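I have placed the structure first, in the form of structure tokens, so that the comments after it can refer back to it.
Every number in this text was worked out from the coordinates using simple rules, so none of it is lab data. Quick caveat, the model's predicted, so the values are computed rather than measured. Because the Cβ atoms are built from the backbone with ideal geometry, glycine has one as well, and the counts that use them run over all protein chains shown.
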Amino acid sequence: MNIISPNWPAPENIVAFSTTREGGHSDGVYRGLNMAQHVGDACEKVGLNRAELTLELPAVTAIAWLTQTHGREVVEAGNSSGTPLADASWASAPGVACAVMTADCLPVLLCSKNGNKIAAAHAGWRGLAQGVLEACVVAMAIEPSDIMAWLGPAIGPDAFEVGGDVREQFLANCPAGQHTAVLQCFRGRENKSGFFLADLYALARIRLNSAGVSEVFGGGLCTYTDASRFYSYRRDGQTGRMATIIAKIPDLNR
């Protein structure tokens, strides 16, 4: 099982990573380490894949999965039965992992600099425009300047084509004073009027910075162009999902 670990200065009690599609038990269009049960893959294959995932989290007692809706709802991880309808979760209890699943959308991990609080957000363009990252920062209930964030693998700025309606939604809901910066995140397509290449990574940085989170790491990967490592809904349609996870590990010396 190959994972991608954040290049951030998180405290030692924080475990965080994104899975890739490499390895695993799924086959066909889901070939590899598919983490999603809702995409049509065989449940037993997903179960085996998730069992591999738990080996990377030996001190974690629960992984809080979500039923993602492309919105801005944030819940406390492990505070409800089943999989709540939400696109982000936070936790302060040790041993509980916050998890999101993606296959082009942007996964974002957050943690406090002292390692007391963690969060994970599924930031597709809809949720990003609606303010899911800002809602996540608010839910953590600490000073935004005490939070660091990591941007996991998403569709890159040279592959994510959108219509003018998407750009207008971001412009209509952009943070104060950021109109020009948001506009620069959309490059017009040559010979294709009304279509743009959107930069999810840059848009997320703008939203986080405007919310008071200045330490933002990650970015630079592209799920669409790297078919050997990543699932991509935009590229393949029916496909699997990667998981991006963060957990606060208990102090085993106590």
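For the chain, the convex hull spanned by the alpha carbon atoms encloses 118 Å³ per residue. Each of 242, 1, 148 has some number of other Cβ atoms within 10 Å of its Cβ, and from fewest to most they run 1, 148, 242.
Other residues within the sphere of radius under 15 Å centred on the Cβ of residue 98, judged by their own Cβ, net out at -2 (K and R +1, D and E -1).
At a threshold of 8 angstrom on Cα-Cα distance, excluding pairs fewer than six apart, so keeping six or more, what relative contact order does the chain reach in percent?
On the way: 609 pairs, mean separation 67.1, N = 254.
26 percent.
Taking a ≥ b ≥ c as the square roots of the eigenvalues of the Cα gyration tensor of segment 59-163, is the shape rounded (a/c under 1.5), prolate (a/b larger than b/c) or oblate?
Judged from the Cα gyration tensor, segment 59-163 comes out prolate (a/c at least 1.5, a/b above b/c).
If a/c stays under 1.5 just call it rounded; otherwise compare a/b with b/c (prolate if a/b is bigger, oblate if not). Do that for segment 186-232, with a ≥ b ≥ c from the square roots of the Cα gyration tensor eigenvalues. Judged from the Cα gyration tensor, segment 186-232 comes out oblate (a/c at least 1.5, b/c at or above a/b).
Let me know the shape class of segment 136-254, please: from the alpha-carbon gyration tensor, a ≥ b ≥ c as square roots of the eigenvalues, rounded when a/c is under 1.5, otherwise prolate if a/b is greater than b/c, or oblate. Working shown, then result.
Working: a/c = 2.79, a/b = 1.30, b/c = 2.14.
It is oblate, given that a/c is not under 1.5 and a/b is not larger than b/c.
For the peptides 57-70, 23-36, 206-219, the ranking by mean Cβ contacts within 10 Å, running from highest to lowest, is 23-36, 206-219, 57-70.
Can you give the convex hull volume per residue for the Cα atoms of segment 144-202, as a whole number of Å³? Before the final figure, lay out the partial values.
On the way: hull volume 5.2 nm³, N = 59.
In segment 144-202, the Cα hull volume divided by residue count equals 89 Å³.
For segment 1-115, the convex hull drawn through the C-alpha positions has a volume of 115 cubic angstrom per residue.
Give the relative contact order (percent, whole number) for segment 1-131; include only Cα pairs under 8 Å separated by 6+ residues.
Values: 240 pairs, mean separation 24.6, N = 131.
Averaging sequence separation for qualifying contacts and normalising by length gives 19 percent for segment 1-131.
In terms of packing, defined here as the mean over residues of other Cβ atoms within 10 angstrom, the peptides 227-233, 193-199 line up highest first as 227-233, 193-199.
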